[in-house]
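Trainee: Have a look at the structure that comes next, please.
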Amino acid sequence: MKKTIWLIVSAIAVISLLAFISSTGTDLFTVLLLIVGAALVFIGLKGRKVEANPNVLPTLTKEKEAHYLKSGMSPSEIELFRETMNQTKQQIERLQQNINRNNKLKAIDLRHDALRASKALFKELVKEPTKLHSASHFLYTHLPNMVDLTDKFIEINEHEIKSRETYEKIEESTQIIEQMASLIAKDYQQFVADDLDDLDIELSIAKQSIKRDNE
């Protein structure tokens, strides 16, 4: 469809150009300049990348829709889940950008693995969408606060001239970011705690079975 539209537009442009040439008696060199200029504009417009709107949800695939419906989710719950996860994905990407821009933030992340925990928790939620409520602290408080704090930290830290008050704010921000990173790591551990408990039960049953067989 888009190709057809471009062909129609191109045809109209050529006809208009020929009409202009015949009516004005333009010389061949000028005509060539006009054609080259039009071609460059066309290539530039065609090659220009359009930035994706972060508020627009990605297309829901048949597989994911089936996964959500199989989990017992209603259409409205699916919509809410997808909106929440889309926003969370953007926040995780923003957090990663901030961490990569500053060595202090990298050091904090190395100590607590907040970024990796965020990505891991995101994947767990995709697998178990009905457990969205179990990650409410992470989704609506800890992760958004972490992104806001690191945004502000980057902004202040990049001031060319820093006063004593600026350094104090940087130090205070560092401490709070450290605490928030620790909370995000705990959010992940708490989310998968049930899986660990289930594994403990299965291991216990398996050990008892092995013990009975040996006896």
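Trainee: Looking at segment 131-191, which GluC sites (Glu not before Pro) are in a loop (DSSP not H, G, I, E or B) and have at most 15 other Cβ atoms within 10 Å?
Mentor: E158, E160
Trainee: So if each residue of separation counts as 0.36 nm, and I subtract the Cα-Cα distance between T59 and E160, what length gain in nm does that give?
Mentor: Full-extension gain reported as 32.0 nm.
Trainee: Among the listed pairs K64/K123; K64/K131; K131/K152; K119/K169; K104/K162; K123/K152, which are separated by more than 20 Å between their Cα atoms? Please list the in-between numbers first.
Mentor: Details: K64/K123 13 Å; K64/K131 16 Å; K131/K152 31 Å; K119/K169 29 Å; K104/K162 17 Å; K123/K152 27 Å.
Beyond 20 Å: K131/K152; K119/K169; K123/K152.
Trainee: How large a share of the accessible area of segment 59-151, in percent, is made up of carbon and sulfur atoms when the probe is 1.4 Å and the other protein chains stay in place? Mind dumping the intermediate values first?
Mentor: Details: 2780 of 5410 Å².
In segment 59-151, the share of accessible area belonging to carbon and sulfur is 52 percent.
Trainee: Put a dot 7 Å past each Cα toward the Cβ at H67 and E168; how far apart are the dots in nm?
Mentor: Placing both labels 7 Å along Cα→Cβ, they lie 5.0 nm apart.
Trainee: Let's test this: bin the Cα-Cα distances of segment 57-207 at 5 Å from zero up to the farthest pair and state each bin's percent.
Mentor: Over segment 57-207, the share of Cα pairs per 5 Å bin runs 1, 9, 17, 17, 15, 13, 10, 8, 5, 3, 1, 1, 0 percent.
Trainee: Something else now. Along the Cα-to-Cβ line of R101, 7 Å from the Cα, sits a label point; which residues in segment 143-161 have backbone N less than 15 Å from it?
Mentor: Output list for this probe position: 146-160.
Trainee: Next question. Under a 1.4 Å probe, what is the accessible area of segment 51-118 per residue, stated in Å²?
Mentor: Details: 4600 Å² over 68 residues.
About 68 Å² of surface per residue is accessible.
The values are calculated or read from the model by the stated rules, or taken from the named source; none is laboratory data. The model shown is predicted, which means the values in this text are computed figures rather than measured ones. So basically every Cβ, Gly included, is an ideal-geometry build from the backbone, and we count neighbours across all protein chains shown. Note: areas computed on protein heavy atoms with side chains; ligands, DNA, RNA excluded. Shrake-Rupley method; radii C 1.70, N 1.55, O 1.52, S 1.80 Å.
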